[in-house]
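Data first, discussion second: the structure below is written as structure tokens.
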Amino acid sequence: MDEFVKPILDHWHIVQTAPITFAMCAILFLMLGCGLTRLVYKKKIKLSNARLKTAWNELAHFESVLTDERDECMFYRAEAGALSADIERMSIILAGEDPLENDANQSAIYKQIAAKPQPSALLCGNLFARHPEYCIEAAMEQAALLNKLVFVIIYNAVHPTKSNLSYALGRFLQYLTTRKLVDKSFVCALVESSNATAKAFVPTDDALEQCRWVVLDQEGEVLRSQTLCANPDEGLKRTREVLELARPLEC
């Protein structure tokens, strides 16, 4: 019996260390496998990461473009609606034969001007990034709270096109850069010239054939007052100029 047991006892330490040896070998093979895999696929992984990063950057860019395009779409929709409202407000001309009994005038054509009803909604308010105030005092209060300037558009409410309001304002604010700058730096107001406060900002020689642009600081001092320029380049340029003018006053 001893001759069978003794060899087993002599090699028992080998049996005890076998699991440890197996585990170490498994770990070694795993490390070698990972190293080999990394060596083989390192370039592919690096390329895939670069493509993924590029895809994320392109996605962010397209999201930014989509936001700008959505703003542009909303702006032009508002401009089209405002211009349509202006067209609806314009007088119509009815033509027909003059019902005179005189033979010489039987074929005469007469024209009759008929006014159309005025729509109540001022659609050009949607040309701004945020809906404007309709009172200078309310705009001043908001400007004081938000630490902004006041951007006032004054128009003649009885003018056939409200002092060319939709066209002039739409052209002035056509650039998205201008609209963002106005939204960031101003509280806007659309005010009728019949308003007592607004009337004080309109010179007596200005018939308001085209709406007037007035910029006020938080104390109500006039920084700029002129006929609104229906030109997108001038709109951006003049907006930046008035902000540069206001900057020393804020310091």
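The values are calculated or read from the model by the stated rules, or taken from the named source; none is laboratory data. Values in this document were obtained by computation on a predicted structure and should not be read as measured data. Positions of Cβ are backbone-derived with ideal geometry, glycine not excepted, and every protein chain shown enters the neighbour counts. Calculation scope for accessible area: heavy atoms of the full protein, side chains included, ligands and nucleic acids excluded. Shrake-Rupley method; radii C 1.70, N 1.55, O 1.52, S 1.80 Å.
Does region 194-204 contain any residue that is open to solvent by less than 30 Å² (accessible area, probe 1.4 Å), assigned to a helix (DSSP H, G or I) and touching a residue at least 60 places away in the same chain (Cβ under 8 Å)?
Yes.
Of all residues in region 123-134, which are within 18 Å of residue 185 (Cα to Cα), hydrophobic (A, V, I, L, M, F, W, C) and open to solvent by less than 50 Å² (accessible area, probe 1.4 Å)?
127, 128, listed by residue number.
Considering only region 205-241, state which residues are surrounded by fewer than 18 Cβ atoms within 10 Å (Cβ to Cβ) and of a type in the set (A, V, I, L, M, F, W, C).
Of everything in region 205-241, those that are surrounded by fewer than 18 Cβ atoms within 10 Å (Cβ to Cβ) and of a type in the set (A, V, I, L, M, F, W, C) turn out to be 207, 222, 223, 229, 230.
When residue 158 is evaluated against the numbered criteria (1) under 23 Å from residue 72 (Cα atoms); (2) in a loop (DSSP other than H, G, I, E, B), which criterion, by number, is the only one it fails?
Failing condition for residue 158: (1).
Filter region 144-185 for residues that are within 14 Å of residue 129 (Cβ to Cβ), open to solvent by 10 Å² or more (accessible area, probe 1.4 Å) and of a type in the set (Phe, Trp, Tyr) and give the result.
175
For region 177-189, enumerate the residues that are part of a strand (DSSP E or B) and in contact with a helix residue (DSSP H, G or I) (Cβ under 6 Å, 6 or more places away or on another chain).
187, 189
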